[in-house]
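Take a look at the structure below.
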Amino acid sequence: MINIEQLLTQNTIEAVKALYNTEPEASLVAVQKTRPEIQGDYTIVMFPLLRISKKNPVQTAEDIGQWIINNVDIAEKFDVIKGFLNITLKADYWKGFFTGALREENYGIVPTRDVAPVVVEYSSPNTNKPLHLGHIRNNLLGFAVSNIIAANGYPTIKVNLVNDRGIHICKSMLAWQKFGNGETPESSGMKGDHLIGKYYVRFDKEYKLEVAKLIEQGMDEDEAKESAPLMQEARAMLRRWENNDAEVRSLWEKMNSWVYAGFDITYNRMGVSFDKIYYESETYLLGKDLVLKGLEEGKLVQKDDSSVWADLTNQGLDEKILLRSDGTSVYMTQDLGTANLRYKDYMPQKMVYVVGNEQNYHFDVLARVLKMLGKEWADTVYHLSYGMVELPHGKMKSREGTVVDADDLMDGMYDTAKQMSEELGKVKEGDEGADALYNMVSLGALKYFILKVDPKKKMLFNPEESIDFNGNTGPFIQYTYARIRSLLRKAAVQNKRIELNGDEDFTSLHSAEMDILKALHEYPGVIKNAGDNLSPAMIANYAYDLAKAFNSFYQEVSVLKEDDENKTALRLSLSLMTGKVIKSAMGLLGIEVPERM
RNA sequence: GGUCGAGUAGCUCAGGGGAUAGAGCAACGGCCUUCUAAGCCGUCGGUCGCAGGUUCGAAUCCUGCCUCGAUCACCA
């Protein structure tokens, strides 16, 4: 379906051609929604066209406006304000649009097309500590972006690349071995990921003591960090792991399984999921062959110490090491390998990586090296770079204990939601569905809070001030939905007609009704824009605007007390459709909406 | 130092060539005998970081500067 802006642009081009004998470039025609306080639906800006019309703005607008009224059947009338031509569409257009939208099963959602898929990687946790607020942003973004891409008609594959091996994993394993006394999730009552995190922190603490001691004995800092016994042991453990040492592998499997059990709970609660999980332990060797082949083909360079590098200095970047002098891989090497694997697995048209902006350089280099290696699909790599979540006093630092734990945060939100619901008298302790509602509302608040911010911008989270439940928030939108459901339930009880019978009058809609109609009309375009920009924030802000429009309508116009049953049916239909679109939009964000609250 | 990103109301954020820059929170004032007041309506609040430039028109594009952040490891 061609949208109205495009249609009016085309019409304007035709009008100018007919009136002034010159065909304007499409870029000269600016069609936009008319500002709410001004009469009209769409506005065409005249200024760029003046050099073709050779008339003043008002005269030009009169000419084009008249031509459009005469030649475009959906145009009802026009008004001219200075250089702006405001077109009002016919009531029939709105009627046609709305009755059509009501009939659609999934209005605004593009059915999946038979094309190459889009792979979205997100989450990608380390298995040595629990998830925190930063991961929450990552997970919510990744999940929502996948939904949005799917809503634009692309097959979508959500993947998680779990960082389950490496020196950091060995650190927590070692600390558990030395200080754990066999502690398990069962014996301690701790979630597995938290238990492992505890030993990761413990390692750091003990290690620092050792380093401090060595420095005290006269060693310089770098040497002390390298030669501290715990570090030596961790490295030794990593070598044993790499050599498939049975004892180390079995410990590693045991501890990782604890972490996964913990992650599953958190993922479940957040409502995110994956279609495919890659484990770094299974892929970390993959890149080396690619690099060696590139070296053979003369695309990479080897230095005297036999380390291998990609030379990007002619592209304004540095040299990047890909194999150490001892022949082992670095992070970049692994990513080259996993990208290659992913390409072979799915032949995607696009590979989206949801990763924080601290890795902008890494992904820039990744794409360039892939290209250098002759991978023609290098351009399908897209880094969805999002800003850090900052606390009032700066970034989260585990050493300073300022990390906001994901589970704790959700617990806190739950408590707030519960307290607030009870204060408002919405539900009582023990009511059926109360627990589900608290979950829904608390997660709605958290998710919306995070997703309404443009991904690329950093965002501030203040743990001192709990996340709002009023105003531009998730619960506000959820509440609006619950109101709509309540209204529809009452309508059903009163045997009101909801279906349109064609007699409804669209020529004299209340402005609040018109606002809703226009907002609903925009939804497909919003999904398109959000997809093009990979921005859940666009969906979030739209859902808010729609909910706000509905609440004004609800306040100003009575639905069930209206005598004219055609008006009631139209208003109920508007309410029904608003509810559907709110549910759909919130669903894209991974936020559920309640029947009552 | 190089590269990249961000600076919009007291606070958190929209707007990313077009009309008088918008919301929410906070503050203040109204609206529940009437479809759910987690709501609605109103008041207050701005040198869109600074300076140039392009344009009929700049918060928006370009250049320079300032501030903040990220990054530039044989770390991941």
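The values are calculated or read from the model by the stated rules, or taken from the named source; none is laboratory data. Computed from a predicted structure; not experimentally measured. Note that each Cβ is placed from the backbone with ideal geometry, even for glycine, and that neighbours are counted across all protein chains shown.
At negative phi and within 14 Å of RNA strand B (Cβ to nearest atom): is that true of A:K395 in this structure? Outline the logic, then answer.
On the way: at negative phi: yes; within 14 Å of RNA strand B (Cβ to nearest atom): yes.
Criteria met by A:K395.
What's the total number of residues in segment A:101-132 that are touching a strand residue (DSSP E or B) at 6+ places or on another chain (Cβ under 8 Å) and not in a loop (DSSP other than H, G, I, E, B)?
Final tally of qualifying residues: 6.
I'm told A:N71 meets every condition in (1) surrounded by fewer than 18 Cβ atoms within 10 Å (Cβ to Cβ); (2) modelled with pLDDT under 95 except one. Can you identify the failing condition by its number?
Failing condition for A:N71: (2).
Return the total of residues in segment A:72-112 being basic (K, R) and either within 16 Å of RNA strand B (Cβ to nearest atom) or in contact with a Pro (Cβ under 8 Å, 6 or more places away or on another chain) (or both). Even if it seems obvious, please write down each step before you answer.
Of segment A:72-112, the ones basic (K, R) are A:77, A:82, A:90, A:95, A:103.
In the following step, the residues that additionally are either within 16 Å of RNA strand B (Cβ to nearest atom) or in contact with a Pro (Cβ under 8 Å, 6 or more places away or on another chain) (or both) were identified as A:77, A:82.
Qualifying residue count for the region: 2.
So in segment A:307-318, with the set limited to residues that are surrounded by 11 or more Cβ atoms within 10 Å (Cβ to Cβ) and within 8 Å of RNA strand B (Cβ to nearest atom), which one is nearest to A:G287 (Cα to Cα)?
Going residue by residue through segment A:307-318, those that are surrounded by 11 or more Cβ atoms within 10 Å (Cβ to Cβ) are A:307-312, A:315, A:317-318.
This time we only want the ones that are within 8 Å of RNA strand B (Cβ to nearest atom), so: A:307, A:317-318.
Details: A:S307: 15, A:L317: 21, A:D318: 20 Å.
Filtering first and then ranking leaves A:S307.
Can you pull out every residue in segment A:46-68 that is surrounded by 17 or more Cβ atoms within 10 Å (Cβ to Cβ) and near RNA strand B (Cβ under 9 Å from one of its atoms)?
Restricting attention to segment A:46-68, the residues satisfying the condition of being surrounded by 17 or more Cβ atoms within 10 Å (Cβ to Cβ) are A:46, A:49, A:52-53, A:57, A:60-61, A:63-65, A:67-68.
Within segment A:46-68, A:M46, A:L49, A:P57 qualify.
Hey, can you tell me all the residues within segment A:448-490 that are in a helix (DSSP H, G or I), closer than 17 Å to A:L589 by Cβ and β-branched (V, I, T)?
If the condition is that a residue be in a helix (DSSP H, G or I), closer than 17 Å to A:L589 by Cβ and β-branched (V, I, T), then A:I450, A:I477, A:T480 are the ones that fit.
Would you confirm whether any residue within segment A:79-96 is more than 30 Å from A:G262 (Cα to Cα), free of Cβ contacts under 8 Å to residues at least 40 places away in the same chain, in a loop (DSSP other than H, G, I, E, B) and touching an Asp or Glu at 6+ places or on another chain (Cβ under 6 Å)?
We begin by selecting, within segment A:79-96, every residue more than 30 Å from A:G262 (Cα to Cα); these are A:79-96.
Applying the additional criterion that residues be free of Cβ contacts under 8 Å to residues at least 40 places away in the same chain yields A:80, A:82-83, A:90, A:93, A:96.
With the extra rule that they be in a loop (DSSP other than H, G, I, E, B), the set shrinks to A:82-83, A:90.
Adding the requirement that they be touching an Asp or Glu at 6+ places or on another chain (Cβ under 6 Å) leaves A:90.
Checked segment A:79-96: at least one residue is more than 30 Å from A:G262 (Cα to Cα), free of Cβ contacts under 8 Å to residues at least 40 places away in the same chain, in a loop (DSSP other than H, G, I, E, B) and touching an Asp or Glu at 6+ places or on another chain (Cβ under 6 Å).
Among what's in segment A:499-518 and is within 13 Å of RNA strand B (Cβ to nearest atom) and touching a residue at least 12 places away in the same chain (Cβ under 8 Å), pick the residue that is nearest to the chain's Cα centre (by Cα).
We begin by selecting, within segment A:499-518, every residue within 13 Å of RNA strand B (Cβ to nearest atom); these are A:510-513, A:515-516.
Then drop every residue that is not touching a residue at least 12 places away in the same chain (Cβ under 8 Å), which leaves A:510, A:512-513, A:515-516.
Details: A:H510: 35, A:A512: 31, A:E513: 31, A:D515: 27, A:I516: 25 Å.
Among them, the one singled out is A:I516.
Only one residue in A:V272, A:V291 is away from RNA strand B (no atom under 12 Å from the Cβ) and assigned to a loop (DSSP other than H, G, I, E, B). Which one?
Details: A:V291 fails: assigned to a loop (DSSP other than H, G, I, E, B).
Just a single option satisfies the conditions, and that option is A:V272.
I need the full set of residues from segment A:561-597 which are within 10 Å of RNA strand B (Cβ to nearest atom) and either modelled with pLDDT of 95 or more or over 17 Å from A:H510 (Cα atoms) (or both), in order please.
So the first thing to find is which residues in segment A:561-597 are within 10 Å of RNA strand B (Cβ to nearest atom), and the list is A:561-562, A:568, A:571-572, A:575, A:594-597.
The answer is A:T568, A:R571, A:L572, A:S575, A:P594, A:E595, A:R596, A:M597.
Within segment A:411-447, which residues are in a helix (DSSP H, G or I), away from RNA strand B (no atom under 11 Å from the Cβ) and either surrounded by fewer than 20 Cβ atoms within 10 Å (Cβ to Cβ) or of a type in the set (S, T, Y) (or both)?
Across segment A:411-447, the qualifying residues are A:D411, A:G412, A:Y414, A:D415, A:D435, A:A436, A:N439.
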